[in-house]
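Single-structure report; data block below.
Bear in mind that the values in this text are calculations on the coordinates, not laboratory data. Everything numeric in this text was worked out from a predicted model, so none of it was measured. A quick note on method: Cβ atoms are made from the backbone with ideal geometry, for glycine too, and the neighbour counts reach across all protein chains shown.
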Amino acid sequence: MFQKESSEEQIFLLIHRVMRLLRKQTAALNEEELSMGKLQALSAISQGKNTMGKIADDLVISLPSATSLVEKLVERGFVERTHDTHDRRLVLIHLTQAGEKKLKKATSTKMKRMSYLMEKISPLDKKNLFTILNNTYNALEQHNHEKNKT
């Protein structure tokens, strides 16, 4: 049996290795070479997170980083900026048709990859993996929320 410290360290290293492989595989499948960050931004925007602040919060990046990311998406023609009809100071970000098409293709590719991976895992392991990942996510969200309160 592992000692607590070595077990936690091994879990951290394994998560890091899995994430690195997933990013590498996704990048290899991404023919237009959009970074994971840009694809995540397109996804966030498609889900109604259409201001710089909401995009930054969703991607857990700084506001200047979100602005730079969105600018690159504008340059590629995947998103456009508009002003809110009620408050002209507020800039809204929307997917263009090209952005919707790119996101749909990337999502399809990602789902095919995940289906392949999930075929290799037993139903019980999938259920356990979901529980573990969900609990980890919730703990991180709570920690982040508590950190932002102070």
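Observations on the model:
- Gained length - H145 relative to K24, 0.36 nm times residue gap less alpha-carbon distance: 40.5 nm
- Spatially proximal lysines relative to K112 (Cα-Cα < 25 Å; intrachain offsets below 8 disregarded): K24, K38, K101, K102, K104, K120, K126, K127
- Counting only DSSP H runs of at least 4 residues, each contributing -39500 (n - 2.57), and dividing by the residue count of the chain, the helix-based mean residue ellipticity at 222 nm comes to -24500 deg cm²/dmol.
- Full extension of the chain segment joining M114 with S68 gains 13.6 nm, where the gain is 0.36 nm per residue of separation less the Cα-Cα distance.
- Ranked by the mean number of other Cβ atoms within 10 Å of their residues, highest first, the peptides 136-144, 56-64 come out as 56-64, 136-144.
- Theoretical FRET efficiency, 1/(1+(r/R0)^6), r = Cβ-Cβ of V60 and H16, R0 22 Å, to 0.05: 0.85
- Averaging the sequence gap over all C-alpha pairs within less than 8 Å and six or more residues apart, then dividing by the number of residues, gives region 1-148 a relative contact order of 16 percent.
- Tail fraction, Cα-Cα pairs, region 31-119, threshold 21 Å, whole percent: 31
- Between the entries [x] 17.7, 58; [y] 16.1, 56; [z] 18.4, 61, the label attached to Rg and Dmax of the Cα atoms in Å calculated for this structure is [z].
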